[in-house]
Each structure stands twice: as C-alpha cells, then as structure tokens.
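No value in this document is a laboratory result; all are computed from the given coordinates. Treat the numbers as computed from the prediction; the structure is a model and nothing was measured. With ideal geometry, Cβ positions are generated from the backbone for all residues, glycine too; neighbour counts draw on all protein chains shown.
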Amino acid sequence: MKKMFLIVFMSGFFFSLSAQELTLFSGFFDYQYYQDDTRIEKSEVHFLMQQNEETHFYWKRSRTYSAISYSSLGISIISFVNINKNLEPDGTINDYKITGYFLGLISAIIFSIKEHNYKKKAILKYNSTFDEPKTTSSVKINGKFDGNGLGVSLTF
C-alpha cells in the first residue's frame, strides 16, 4: 500500500497543469470574456494580454481600431443630425452633405471588423501558449557512482 501511494504521489509531478483558455463572446454593447467557464472582466483580460509581447501587440491594435470605429460612428451620427438640420429650402439634400454620413458609417463598420479580428488573434495567440506540450517536474533524478557502489538520488 505504501509503495502504491508513493508511485501515485511521484507520478503526479510529471503531469503538466491544465490550461485556462480565454473565450470571446460578443455581447449587446461590448464583448464578454470567459476563462474556462467563469466570466472575467475586461481589465483582467487586458492584464493577461500584457504577459506576452505578441498578444499585447494584437490587443493594443484592437483597442486602437475600436477607438477609431467609435469616433467614426460619432462622426456619422453628427453628419446625420447636420443633414436633417440643414436641409435645402426645397427639401433636397446635397451630395456632399450625405458623403460624411456614409463615409463615417462605412469606416465604422470596417474598423469594427478589424477590431474584432485583432481581438480574436490576440486571444488565439494567448490560448496557443497552452497548446505547447510542457512537462514540468519538481523531481530531479541523479545517478551516483562511487567506490561504495551505484545509487540513484531523488531531489525535490
């Protein structure tokens, strides 16, 4: 029984830890992040993304595109309000007035898609760090041979 317990105890050191991967879900206003099955805040995800240089690059790029997307959407809304406020006396709209609205809307959509793609790249790169096989052991086996004979020492 003691030998069985020792074997089970010693073999536990040779297994790697389980991964805690991130998952991204789109919410109504913002994204929702989960680490395994628990929901985590955006600030925690930001901290996790800073641990690796490549994931931090993708994460920073997605935040930049998010800011550009929101500002383009704001420009589009301001242009729409300006169009409705400053109609021509006959009720028509000049082409140059509506151009700002459509450019703002199109750029908001494009940068929103790019933001989502960079968020996915950052999370996939973060998750790929757990896919690499890592066997860590806190037990070191040393062989010893001297005048007294042959021996094996275990170091914890």
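Numbers for the structure displayed
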quantity	calculated
Local electrostatic count at His116 - Lys and Arg +1, Asp and Glu -1, tallied over other residues with Cβ under 14 Å	+4
Under 20 Å from the Cα of Lys121 - aspartates and glutamates, other chains or at least 8 residues apart	Glu21, Asp30, Asp36, Glu41, Glu44, Glu53, Glu54, Asp131, Glu132
